[in-house]
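Novice: Sharing a structure below in C-alpha cells format, with a few things to ask.
The values are calculated or read from the model by the stated rules, or taken from the named source; none is laboratory data. Given the structure is predicted, the values throughout are model-derived calculations rather than measurements. Cβ coordinates were reconstructed from backbone atoms using ideal geometry, including for glycine residues, and neighbour counts include every protein chain displayed.
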Amino acid sequence: MRQVLELTSSLIALQPDKDISASVKRAILKRTLTTINHRAAQPLVKPAFKSLECFLGKSSISIKDLMNSYEVEEGLPGISTDQDSLLDSPYWDDFVSGVFDWMAMPDISPAAGKFLVTLFGQLRKLSSESENSNNKYTVLWQRWVRKGLKKNPAALENVKNHLLSPLFKLDRPGSLAFLGDLNEQRPASNLRRPELDSHSLLRLAAMEVGKKAGLVEEPSMYLHFDHMQD
C-alpha cells in the first residue's frame, strides 16, 4: 500500500497539467475526509489516515489543500486564502477534534497519531515561514491536545505513545518550543475546571514523554534544554 501511495504522490507532483493534478487531489481529499469524519465504514479509517499522512508528508498535498477541501466538504465559508489566514483558521479546532476522536481506539490511534504528527510538523513549517507567527503553532498544539484529552481522558496513553512520543522524536525543534512554552505557561484564569484538569494532564504527559526522548532533565521541575541551537 505504501508503495502505491508513494507512486501516486510522485505522479501528482510530476503531472504537468495542473488541472489534472488538482482534480486528483480533490478526489483523494474528498474520499479520505469523508471516511475520517465518520461518514464511511470504520475499517476504511486506518488506510484513510495512512493515505492522507503519506500525501501530506510528501507535500504532494499541502495543508492549504487539506483545509480548503475540509471547508468545501463541511459547507464552510472559504477563508484559508493565504499563509496567515490558514494558520488562524478557526476550522482547525473542529478538524483536529474529529481526528482526536479516533485516538481513543487502540487499532486506529497509531495511524491517527502519525497523521497528526505530520500535520503538526507541516503547520510548524508554515508558521516558521510567516513573519507574524511568533511560534503560534505551539499554542495550537497545546489547545488541540488539551481539548482532545478533555473530551476523552481515556485516550491519554494512546496520545503519549502515538502522538507525543513520535512528535518529540521526529520534530525536535518544534517539540523543544512546545515543551518550553508549555512549561512556562500557567493555565489561564478563564479556563474551567475540566480544562484545567486536561491542561495539567497534558503537561505531565508531555514532561514524561519529553524525559524519555531526552528533551527534559531531572531533578529540576523546570525544563533544561541542551543544544537548542541544533
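Novice: Tell me whether region 57-65 contains one or more residues that are in a loop (DSSP other than H, G, I, E, B) and of a type in the set (A, V, I, L, M).
Specialist: Yes, the conditions are met somewhere in region 57-65.
Novice: Residues in region 7-31 that are within 21 Å of Pro47 (Cα to Cα) and not in a helix (DSSP H, G or I): how many?
Specialist: 0
Novice: I need every pair where a residue in region 109-126 that is touching a residue at least 60 places away in the same chain (Cβ under 8 Å) and within 18 Å of Gln42 (Cα to Cα) has its Cβ under 6 Å from the Cβ of a residue that is of a type outside the set (A, V, I, L, M, F, W, C) and in a helix (DSSP H, G or I), sequence separation at least 6 or different chains.
Specialist: Between residues of region 109-126 that are touching a residue at least 60 places away in the same chain (Cβ under 8 Å) and within 18 Å of Gln42 (Cα to Cα) and residues that are of a type outside the set (A, V, I, L, M, F, W, C) and in a helix (DSSP H, G or I), the close pairs are Ala111/Lys46; Ala111/Lys50; Lys114/Glu53; Phe115/Glu53.
Novice: Quick check: anything in region 182-198 at pLDDT 85 or above and in a helix (DSSP H, G or I)?
Specialist: no
Novice: Quick test for you: out of Gly98, Gly121, Gly113, pick the one residue that is touching a Pro at 6+ places or on another chain (Cβ under 8 Å) and in a helix (DSSP H, G or I).
Specialist: On the way: Gly98 fails: touching a Pro at 6+ places or on another chain (Cβ under 8 Å); Gly121 fails: touching a Pro at 6+ places or on another chain (Cβ under 8 Å).
Among Gly98, Gly121, Gly113, only Gly113 is touching a Pro at 6+ places or on another chain (Cβ under 8 Å) and in a helix (DSSP H, G or I).
Novice: Might you check whether a residue that is exposed (fewer than 15 other Cβ atoms within 10 Å of the Cβ) and among the basic types (Lys, Arg) occurs anywhere in region 36-57?
Specialist: yes
Novice: Moving to a separate point now. Would region 134-148 turn up any residue that is modelled with pLDDT under 80 and either in a helix (DSSP H, G or I) or of a type in the set (D, E, K, R) (or both)?
Specialist: yes
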